[in-house]
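Working notes, structure below.
The values are calculated or read from the model by the stated rules, or taken from the named source; none is laboratory data. Computed from a prediction, not measured in an experiment: that's the story for all the values here. Neighbour counts run over all protein chains shown; Cβ positions are idealised from the backbone, glycine included. Please note that ligands, DNA and RNA were not included when accessible areas were found on the heavy atoms of the full protein model with its side chains. Shrake-Rupley method; radii C 1.70, N 1.55, O 1.52, S 1.80 Å.
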Amino acid sequence: MPHHALEIVLTRPLSPAALLRAARVLPLAANHDATRLMALVPAKTPHRAARRLRHRLGARLPIDVITTHYPDADHKVLLNVAFPPATHAVLEAAARRTQQTPERFVELALHRALAQHADQETDRLDRAVRELLAHTTPAYLLSAVGHALTRTPGEAPC
């Protein structure tokens, strides 16, 4: 049976004792502040792996979101979110009105939100570049961007 790498995002950091208790159920790797965990879960599909992980650890951990760590063949990442009952009811009603499944409704809403964010970010960067170009030449700006991109993190500017 294949193993699936899943990332768990927690709503709050875990204490060392809580992490140890959860790791007894399923081996886990934690980031520095124990707000994100990694697990390898055996299952036939990523969906089943996420469900299995939520079933085994959901009562022990403050799980916010479970995602597949690697994209699938279609370059998609599985997003597993357990909504509160009231939120789930609202999503189901909205999905019914658009004649979609709740999963498809959320997927399309996420795609729209990400596209809108990308457009806003492009506009913001365009305005910032135009502002910079009002005070320098394209050659100096390009040189400064090159220096900034090749600088190692934490290195002081020249």
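Mean Kyte-Doolittle hydropathy of 0.5 or higher plus an axial Cα length of 27 Å or more: which whole DSSP H helices in the chain meet both?
Qualifying helices: none.
Provide the packing ranking of 19-30, 69-80, i.e. peptides ordered by the mean count of other C-beta atoms within 10 Å per residue, highest first.
My ranking of the peptides, most packed first, is 19-30, 69-80.
Need the full-extension length gain, Tyr70 to Val90, defined as separation in residues times 0.36 nm minus the C-alpha distance. One decimal, nm.
4.2 nm
How much of the accessible area of the stretch 89-158, probe 1.4 Å, is carbon plus sulfur, in whole percent?
Of the solvent-accessible surface of the stretch 89-158, carbon and sulfur hold 62 percent.
Using the Kirkwood radius built from alpha carbon pairs, what does the Stokes-Einstein equation give as D for the chain at 4 °C and 1.567 mPa s, in µm² per second?
Estimated diffusion coefficient is 67 µm²/s.
Average projected area of the Cα convex hull of the stretch 43-88, in nm²?
Computing the convex hull of the Cα atoms and averaging its projections yields 3.9 nm².
Give, in nm to one decimal, the length gained when the segment between Asp123 and Glu103 is fully stretched (0.36 nm per residue of separation minus the Cα-Cα distance).
On the way: separation 20, 0.36 × 20 = 7.20 nm, distance 3.03 nm.
Extra length available between Asp123 and Glu103 comes to 4.2 nm.
Say each of Ala17 and Thr136 gets a label point 7 Å from the Cα, pointing the same way as Cα to Cβ; how far apart are those two points in nm?
5.4
Mind ordering 96-104, 49-57, 37-45 by average Cβ neighbours within 10 Å, highest first?
Output ranking for 96-104, 49-57, 37-45: 49-57, 37-45, 96-104.
Taking the mean number of other Cβ atoms within 10 Å as a proxy for protection, how do you rank 1-12, 123-134 from highest to lowest?
1-12, 123-134
So who's got an amide H within less than 5 Å of the one on His4, skipping anything under 5 residues away but keeping other chains? H placed 1.01 Å off N, in plane.
Amide H neighbours of His4, under 5 Å, 5+ apart: Val41, Ala43.
Hey, what number do you get for the chain at 222 nm if only DSSP H runs of n ≥ 4 count, each worth -39500 (n - 2.57), divided across all residues, to the nearest 500?
Result for the chain, helices only: -17000 deg cm²/dmol.
With a cut-off of 16 Å, note down the residues of the stretch 58-75 whose backbone N falls inside the zone around a label point 7 Å from the Cα of Val9 toward its beta carbon.
So the set is 62-71.
With a probe of 1.4 Å, find how much accessible area the stretch 1-84 has per residue, and write the answer as a whole number in Å².
On a per-residue basis, the stretch 1-84 sits at 63 Å².
Once you have all Cα-Cα distances for the stretch 1-66, histogram them in 5 Å bins from zero and send the whole-percent values.
Per 5 Å bin, starting at zero, the Cα-Cα P(r) for the stretch 1-66 comes out as 4, 20, 33, 26, 12, 5, 1 percent.
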